[in-house]
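Here the structure is laid out as structure tokens; the discussion comes afterwards.
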Amino acid sequence: MESKFFKVSALTAAMLGAVAMPAMATEDSAAGPEYVEQVNEFLEGSTLAGVAVVDTRSRTRSTGAPGGEDGDVWSRLNYSSYNLILDFTSGYHNGWLGADIAGYLSGDLYNDSAMNGGTGEYLCNEISTCNNLDWGAGEGGPVKVTKAALKFKAGENVDGRFGFTQANGNGVLGNVWSFVPGTYRGAELNANIGNFKATYFIADQFTAPWLLSKNDYAPALWADTTWGIAHSLGLQGNATDDLFLQFGLGQVTDVKYQNGVDWANGVVTGYHDPVDTTGYKVYAKYNINDTMSVAYDFYGVNDDVQYDGLGYTTGLAFNASFGQFSWMTNLNYAKSDNDRDVNPRMIYTYGMTNGTYSLWWDALSDWNKSGEVSIYNRLSFDQGNGWNYYLGFGYGSGGKSAAEGAIGDWDYKSEYAVNGTISYSVQTGALKGSTVRLHGTVLERDEFEGANSADETDLRFQVIIPYTF
């Protein structure tokens, strides 16, 4: 406990020191002028930026109401939480060595979400730091350090970083996001090869942004998962002026999932044998003209425990702009060898690393039932004075029922969602870039006979204030 506290405190002190540090060191430093010259070089080109966020949300569900019946609508998440985020990016000492440090402080302004009767903790809302993937929102606590990495570059074509960092998305390893990203303990190496960029990323640890330690997964029991090494090789670049390509191949070694939970006694009763999983990524985007593009995305994972082989998600995207209007249509298909819901990441467990699949619709459902074909359309309007609006509609169908062997969280024939957002960003002055955003979604599902109701709604109001030093 003492050593962990020291590490957190030291990193926090480093961040606070960066905040207090002047833009340039003075010549009367006790360390002498040579030290001053090196510090100035390190700070030249550096940035210190931050964001203050308040997220207020009410998310309802029509199953599992405490003391109620199936179909009763109740609010599982009902809170207002904040993040205070700082991100320091240095220049390069001697033109090759630098450091990046970032972190955030969080807490709840109010919380009326579902509560654990045994501990008094609230349902984790993924904005405040939590004790595990289920419970603990609003506890606050120490600063969560999301990045503490050394970086280097060799000329114009090679660069890298190592420490506590994030994946850059070139390959099959991505970042779990809240308002801040999750954190890998690992290293990244990038090389420019003509019009293409190659990336190798390797890590032996990851924590979701709202968790303070990798040890916070196991207490949720269902999330008790361990793994060895995650690594990824990616290649991306412009094949022509209009065609962008990305390819990725990756692996996670020794993934060990829990294989049963005794909920009455709060213990895991067994584990699957460790398995190595493999991830595959193919992406292509073609610009039809200056205002229209089409894209194809494939993300697959070979996992013998979760899929009895291959699980994949693939889709097409069309985007077009017409003056102040823009249009998006996405077509998505998910499939696995054993008809389990597909998660586009190399470790199936939620919040434990992420993939790089690009189709995401902010519409409550993951649209990932095996065999499900889903389509989403969105119309957006930029008023030109800071006001922005969009309205979207999604529909999915085609998955099997649980009675036919499907494995997943919900058992439904089809689903549809309607969602929309109104936002305003300040255009000038000291608060330039500050944004207020109101978002809402209604998700309705047509369940198979005998299945629990699975409808949801979401209403969310966000205030986002960036600040620089």
TODO: Would you please name the residue that is nearest to the chain's Cα centre (by Cα), looking only at residues in the range 419-469 that are among the small types (Gly, Ala, Ser) and under 20 Å from Ser178 (Cβ atoms)?
DONE: Gly440
Open item on the list: Against the condition touching a residue at least 12 places away in the same chain (Cβ under 8 Å) and open to solvent by less than 20 Å² (accessible area, probe 1.4 Å), how does Ser62 come out, does it pass?
Closed with: yes
Task: Residue within the range 271-281 that is of a type in the set (A, V, I, L, M), touching a residue at least 40 places away in the same chain (Cβ under 8 Å) and open to solvent by less than 40 Å² (accessible area, probe 1.4 Å) present - done: no
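For (1) over 20 Å from the mean Cα position of the chain (by Cα); (2) surrounded by fewer than 22 Cβ atoms within 10 Å (Cβ to Cβ); (3) farther than 21 Å from Gln251 by Cα; (4) not charged (D, E, K, R), each residue gets a yes or a no:
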site	(1), (2), (3), (4)
Ile193	yes, yes, yes, yes
Ala203	no, no, no, yes
Leu212	no, yes, yes, yes
Thr226	no, yes, no, yes
- [ ] Mind listing just one residue for me: the one in the range 65-124 that is part of a loop (DSSP other than H, G, I, E, B) and among the acidic types (Asp, Glu) and, of those, surrounded by the most Cβ atoms within 10 Å (Cβ to Cβ)?
- [x] Glu121
Open item on the list: Is it the case, given these coordinates, that Asn319 is part of a loop (DSSP other than H, G, I, E, B) and farther than 21 Å from Asp224 by Cα?
Closed with: no
- [ ] Collect the residues in the range 327-357 that are in contact with a strand residue (DSSP E or B) (Cβ under 8 Å, 6 or more places away or on another chain), surrounded by fewer than 19 Cβ atoms within 10 Å (Cβ to Cβ) and not in a strand (DSSP E or B), keeping them in residue-number order.
- [x] Asp337, Asn338
Open item on the list: Which residue is least open to solvent (accessible area, probe 1.4 Å), if the candidates are limited to the range 432-457 and must be more than 24 Å from Lys413 (Cα to Cα) and hydrophobic (A, V, I, L, M, F, W, C)?
Closed with: Val436
- [ ] Keeping to the range 167-187, report how many residues are among the polar types (S, T, N, Q) and either crowded, with 24+ Cβ neighbours inside 10 Å or touching a Cys at 6+ places or on another chain (Cβ under 9 Å) (or both).
- [x] 2
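The values are calculated or read from the model by the stated rules, or taken from the named source; none is laboratory data. Because the structure is predicted, anything quoted here is derived from the model rather than measured. Cβ sites come from the backbone with ideal geometry, for glycine too, and all protein chains shown count toward neighbours. To get the accessible areas, we keep the full protein, side chains included, count just its heavy atoms, and leave off ligands, DNA and RNA. Shrake-Rupley method; radii C 1.70, N 1.55, O 1.52, S 1.80 Å.
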